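> Pasting a structure here, questions to come.
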Amino acid sequence: MGYLSAFDCCVLWHLYLPLISLIMNLRRYNIYFNTHTISGIIICAILYVIFFAGSFSFFKNEINAWQKNESDKGGTYRNLVFDHLLDSINQVKELKGRDIAFYMQHNGHASYVNIGASQDTIVANKAKLIAAQKTKGITKDSEAKGEKKKKRGRGRRGADDSMYFSYDLATKKPSDYGDGYTMGEFLYRLHFLAPLNQIGINIGRPFGYTLAGLVSFIFLFALISGLMLHWDKIKSNFFVFRPGNKWKTVWTDMHTALGVIGFPYQFMYALTGIVLIVNSVLIIPFSKYLYDGKENEVYAALGYNDNTKYTYLYEPLSTTFKMGDFLDKLESKWPNSHMNRIFIKNYGDKSMHVVALYDANIDKNFAGSGRLVYRVADNKILFEKSAADNGTYLDYVKGFIYRLHLADFGGYPIKIIYFVLGIMGCFVIISGILIWLVARDKNNIPKRKRIFNFWAANVFMAACLTMFPVTAAAFIAVKLATKVDQPFVFHVYFYSWLALSVFYIIRRNIGKTNRETLLLGSVLALAVPIVNGIKTGNWIWISYRSGANDILLVDLLWLSLGIIGLLIFRKMLQSAKKENGSTKQVTANEANGDIKKASPPKRAFALKSNSTTEV
């Protein structure tokens, strides 16, 4: 007596099994919900910046061409221009014994040129003497004028013996990195938070890159937990969108539907972003234990650069080397490939070597890469791997990650699809912030928490939504300015962004922030192609006739954004008027029924009784 039979145990098990299953499902749901909510709200503002700037960075080359009013369609050159460039540099700075690197840009006719210090002691000592004289003269001038030394970003000039600049091989025009700065380069670097590297926070690694990698990592958690949260109803919710309902329902449907549709894209971007941004952090243990702390050897093994050191012989090169002829022969040998990087070691010495890194054309080989090591003294090829050959495992991994992240494998249709999916990610983030705010605007939540929630959402929304008009205004500014460099772009973009964000934060009205930034951004977006036509005479129809598709694409992009923005703004006004009318009717009915409710301070926090468009 007091014991249960096997039959009784089975009956009780079947009775309590649904309850146990419900408790476990509820527990998992709470875990997914809290993980998704907390991780999402922590990174929402920074993630919006990454998605918004990253969407425009797909058109980096097109934006650069638009800003300079120089279409890349005519950007062809002969390899002879490399010899002309080397001769010109040699007249200014003796190249003997130096390592020279050419990093080709994605447009195919421009290159970053990096020239290191000479290994020849005579040339090096002469350079040190000249550098010391320059430094002394610069110091005296600065002290006389009371100026402080300014940083120039990535460019290196002045007393430094090395050189780093950009060179257009088609137009034969050099430019310092800071002086040749463009909006395309700015948005590209903003999408992985590179400007934050200059604020002076020392954590052993670039702060901006590390923060971008951390946000990508947390974003991966938010994606997976969000998918698991909606897994049971993913099929039914996928087809549900109720634009005629109240705004909270619209935001919820938008967040769910767009999140599910864009999940593969967002997951891919989070994963590849982690690999590309955080690889410097992941490389630390490998470089420490497998390469004795030599990170350069790790990057060389991964194929990012060539740090091979050749013994300097102090013997002049007896043969004449023409880089143009060398590249012509290489291109005839590898016809379906294009130059990626060229490294010249110990220029002008008997130990001079040339290392050429080529990538296969995407339509021929998705991940092929070639490498050739050439010794100039005896005209001998020491190593050769054709770009047309089957790629290694490393080639396919690198190619797969880069192609998916940069969207450079399908022309303009793929870039446009990526752009739309990126903007959809921005809508998912905004709707998530609004859902988070409205869900916590309840009477059972203490007033101080509701005030904090409102201010958090207010700051996030102001910082995010003002990016649209600020970006359009920056495009207009760089087109109208007579001189555009890195400080100009930084000042125009960040100061206007800060001023507009602070204005809407102080205003404390998320509904008006949403509507006014949309209207302002749409008007400025429509003004971008108009300003371009007035300033350069390169109107949309003229770009179309001349075949300048890259310039045409940027104008059409802003024109489309302006038209779509105005249509959305019109729809929002119609919905706001309809809801305001229904709210007034409800208020009148409550007044007739002598229903009185206490009202908190004006705009202190979001109210359920207020018009939902104000939130």
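The values are calculated or read from the model by the stated rules, or taken from the named source; none is laboratory data. These figures come from a predicted structure and were not determined experimentally. Positions of Cβ are generated from backbone atoms using ideal geometry, with glycine treated the same way; all protein chains shown enter the neighbour counts. Accessible surface areas use protein heavy atoms only, side chains included; no ligands, DNA or RNA. Shrake-Rupley method; radii C 1.70, N 1.55, O 1.52, S 1.80 Å.
> Looking for whichever is free of Cβ contacts under 8 Å to residues at least 24 places away in the same chain and out of contact with any Cys (no Cβ under 9 Å at 6 or more places or on another chain) here; the options are Thr121, Thr76. Which one fits?
On the way: Thr76 fails: free of Cβ contacts under 8 Å to residues at least 24 places away in the same chain.
One residue alone meets the criteria, Thr121.
> Here's a follow-up. Name the single residue, out of those in region 207-260 being in a helix (DSSP H, G or I) and among the aromatic types (Phe, Trp, Tyr), that is modelled with the highest pLDDT.
So in region 207-260, the residues in a helix (DSSP H, G or I) come out as 207-229, 234-238, 247-260.
With the extra rule that they be among the aromatic types (Phe, Trp, Tyr), the set shrinks to 207, 209, 217, 219, 221, 238, 247, 251.
On the way: Phe207: 84, Tyr209: 85, Phe217: 85, Phe219: 89, Phe221: 83, Phe238: 61, Trp247: 63, Trp251: 72.
Among those that are in a helix (DSSP H, G or I) and among the aromatic types (Phe, Trp, Tyr), it is Phe219.
> Might you check whether a residue that is touching a helix residue (DSSP H, G or I) at 6+ places or on another chain (Cβ under 6 Å), among the β-branched types (Val, Ile, Thr), under 25 Å from Val420 (Cβ atoms) and without any contact (Cβ under 8 Å) to a residue 60 or more places away in the chain occurs anywhere in region 554-566?
Among the residues of region 554-566, not one is touching a helix residue (DSSP H, G or I) at 6+ places or on another chain (Cβ under 6 Å), among the β-branched types (Val, Ile, Thr), under 25 Å from Val420 (Cβ atoms) and without any contact (Cβ under 8 Å) to a residue 60 or more places away in the chain, which makes the answer no.
> Just one of the numbered conditions (1) at pLDDT below 80; (2) farther than 30 Å from Tyr310 by Cα; (3) charged (D, E, K, R); (4) not in a loop (DSSP other than H, G, I, E, B) is not true of Glu185; which one?
(1) is the only condition that Glu185 fails.
> Between a first residue in region 526-543 that is under 18 Å from Gly562 (Cα atoms) and part of a helix (DSSP H, G or I) and a second residue that is open to solvent by 30 Å² or more (accessible area, probe 1.4 Å) and among the aromatic types (Phe, Trp, Tyr), which pairs have beta carbons less than 7 Å apart while being 6 or more apart in sequence or on different chains?
These pairs meet every condition: Gly533/Trp539.
> In a helix (DSSP H, G or I), at pLDDT 75 or above and surrounded by 16 or more Cβ atoms within 10 Å (Cβ to Cβ): does that describe Leu327? So that I can check it myself, show each step before the final result.
Working: in a helix (DSSP H, G or I): yes; at pLDDT 75 or above: yes; surrounded by 16 or more Cβ atoms within 10 Å (Cβ to Cβ): yes.
Criteria met by Leu327.
> Condition first: assigned to a helix (DSSP H, G or I), crowded, with 18+ Cβ neighbours inside 10 Å and touching a helix residue (DSSP H, G or I) at 6+ places or on another chain (Cβ under 6 Å). Now tell me which residues in region 79-109 satisfy that.
Phe82
> Going by the conditions given, is Ile505 open to solvent by less than 60 Å² (accessible area, probe 1.4 Å), of a type outside the set (Ser, Thr, Tyr) and under 27 Å from Ile563 (Cβ atoms)?
Taking the combined requirement at face value, the residue does not satisfy it.
> Okay, moving on. Just one of the numbered conditions (1) in contact with a Ser or Thr (Cβ under 7 Å, 6 or more places away or on another chain); (2) surrounded by fewer than 20 Cβ atoms within 10 Å (Cβ to Cβ) is not true of Gly370; which one?
The single condition Gly370 does not satisfy is (2).
> Take region 183-208 and flag every residue that is farther than 22 Å from Asn64 by Cα and either open to solvent by less than 30 Å² (accessible area, probe 1.4 Å) or among the small types (Gly, Ala, Ser) (or both).
Answer for region 183-208, where residues must be farther than 22 Å from Asn64 by Cα and either open to solvent by less than 30 Å² (accessible area, probe 1.4 Å) or among the small types (Gly, Ala, Ser) (or both): Gly200, Gly204, Gly208.
> For region 337-348, how many residues meet the condition of being touching an Asp or Glu at 6+ places or on another chain (Cβ under 8 Å) and outside any strand (DSSP E or B)?
Residues flagged as touching an Asp or Glu at 6+ places or on another chain (Cβ under 8 Å) and outside any strand (DSSP E or B) within region 337-348 amount to 2.
> Could you tell me which of the residues Ala527, Ala472 is under 30 Å from Lys577 (Cα atoms), of a type outside the set (Phe, Trp, Tyr) and in contact with a Leu (Cβ under 8 Å, 6 or more places away or on another chain)?
Ala472
> Can you list the helices (runs of 4 or more DSSP H) lying wholly within region 376-489 that have 3 or more residues being modelled with pLDDT of 90 or more and open to solvent by 20 Å² or more (accessible area, probe 1.4 Å)?
Those helices (runs of 4 or more DSSP H) span 411-439, 447-465, 467-480.
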